[in-house]
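**Q** Here you go, one structure.
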Amino acid sequence: MRIVLLGAPGSGKGTQGEKLVAKLGIPKISTGDALRAAVAAGTELGLLAKAAMNAGKLVANEIVIGIVEERLEQADAKPGFILDGFPRNTEQAKVLDAMLLRHGQPAIDKAVHLQVEDEEIIRRLHLRAIKEGRHDDKEDVIRHRIEVYNAETHPLLAYYEAQHKLVTVQGVGSLDEIFERILGAIG
Ligand code: ADP
């Protein structure tokens, strides 16, 4: 199964993605995690990505597309995968579809939208700022990330809806409740 997780920052993609990994036995590919690892390791790629990330802007398409393509080629991702944080704009979504075709892999099966109200998103990101100290969880950066999500990533709902792949799940409730909703939605 090939799943794309969609939702605002703080909507729970990472957490629910991990639960899907455990349940389905396929890897999760998180561009956010990969980029943070590159920044921490001080690689060239990390240096290129760091400023955009800390400002709450999107990292250049070429960079994240390169990360995903390399990861999709690995053996454990051949039976399926869960994408968390990618695609984040229409260009990335189109490239992903083309990439799977080019690699002779089946297309995305489902795009799961975790729906959470803006106020709840802001509350969660503030909590995460306190707990994890992420550089991009500061007040003004949080606001900008939500703007970027609404402008660039939200249109992907229509993109996957047009492909009849979109399922929307309420992202509020206990972690297990939300997970059950996701399992129900992906069939
Ligand atoms: P969140 O979903 O909580 O906003 P992520 O961990 O997914 O955070 O991503 C953190 C940051 O990494 C983003 O704000 C952005 O700068 C960068 N990033 C992650 N994925 C992508 C992507 N697909 N395209 C561009 N930038 C990305």
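The values are calculated or read from the model by the stated rules, or taken from the named source; none is laboratory data. Owing to the predicted nature of the structure, the values given are computational and were not obtained by experimental measurement. Heads up, the Cβs are rebuilt from the backbone with ideal geometry, glycines too, and the neighbour counts pull from every protein chain shown. In case anyone asks, the SASA skips ligands and DNA or RNA and just uses the protein heavy atoms, side chains included. Shrake-Rupley method; radii C 1.70, N 1.55, O 1.52, S 1.80 Å.
Let's see how each residue does on (1) outside the structural domain of Arg123 (by TED's automatic domain parsing); (2) touching a Leu at 6+ places or on another chain (Cβ under 9 Å); (3) buried (at least 19 other Cβ atoms within 10 Å of the Cβ):
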position	(1), (2), (3)
Leu6	no, yes, yes
Gln16	no, yes, yes
Ala22	no, no, no
Ala37	yes, no, no
Leu48	yes, no, no
Asn54	yes, no, no
Glu62	yes, no, no
Gly66	yes, yes, no
Glu70	yes, no, no
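**Q** Here is a check on your reading of the model: is Glu119 of a type in the set (D, E, K, R), at pLDDT below 95 and over 29 Å from Lys50 (Cβ atoms)?
**A** So Glu119 fits the description; yes.
**Q** For Lys110, indicate whether it is open to solvent by 70 Å² or more (accessible area, probe 1.4 Å), under 16 Å from the mean Cα position of the chain (by Cα), of a type outside the set (S, T, N, Q) and closer than 18 Å to Tyr159 by Cβ.
**A** In short, no.
**Q** Of the residues that sit in region 24-35 and are open to solvent by 50 Å² or more (accessible area, probe 1.4 Å) and of a type outside the set (Gly, Ala, Ser), which one is farthest from Ala77 (Cα to Cα)?
**A** Of everything passing the filter in region 24-35, Asp33 is farthest from Ala77 (Cα to Cα).
**Q** Hey, can you tell me all the residues within region 78-94 that are surrounded by fewer than 19 Cβ atoms within 10 Å (Cβ to Cβ) and outside any loop (DSSP other than H, G, I, E, B)?
**A** Thr90, Glu91, Lys94
**Q** Going through region 1-20 one residue at a time, which ones are not polar (S, T, N, Q) and not in a helix (DSSP H, G or I)?
**A** If the condition is that a residue be not polar (S, T, N, Q) and not in a helix (DSSP H, G or I), then Met1, Arg2, Ile3, Val4, Leu5, Leu6, Gly7, Ala8, Pro9, Gly10, Gly12 are the ones that fit.
**Q** Residues of region 7-43 being in contact with a strand residue (DSSP E or B) (Cβ under 7 Å, 6 or more places away or on another chain) and touching a residue at least 60 places away in the same chain (Cβ under 8 Å), which ones?
**A** Passing the criteria: Gly7, Ser11, Gly12, Lys13, Gly14, Gln16, Gly17, Leu20, Val21.
**Q** So which pairs qualify, if the first residue must be in region 120-145 and outside the structural domain of Ala52 (by TED's automatic domain parsing) and within 26 Å of Gly173 (Cβ to Cβ), the second must be at pLDDT below 90 and of a type in the set (A, V, I, L, M, F, W, C), the Cβ gap must be under 6 Å, and the two must be at least 6 apart or on different chains?
**A** Note: pairs meeting the criteria are Asp137/Ala129.
**Q** Only helices (runs of 4 or more DSSP H) wholly contained in region 113-175 count here; list those with 1 or more residues that are open to solvent by 30 Å² or more (accessible area, probe 1.4 Å) and closer than 19 Å to Gly14 by Cα.
**A** 118-132
**Q** Pairs please, first residue from region 84-111 and in contact (Cβ under 8 Å) with a residue 12 or more places away in the chain and under 16 Å from Thr31 (Cα atoms), second anywhere and near the ligand (Cβ under 10 Å from one of its atoms) and assigned to a loop (DSSP other than H, G, I, E, B), Cβ atoms under 7 Å, 6+ apart in sequence or on different chains.
**A** Pairs that qualify, where the first residue is in contact (Cβ under 8 Å) with a residue 12 or more places away in the chain and under 16 Å from Thr31 (Cα atoms) and the partner is near the ligand (Cβ under 10 Å from one of its atoms) and assigned to a loop (DSSP other than H, G, I, E, B), are Arg88/Leu58; Asn89/Leu58; Gln92/Phe86; Ala93/Pro87; Leu96/Pro87.
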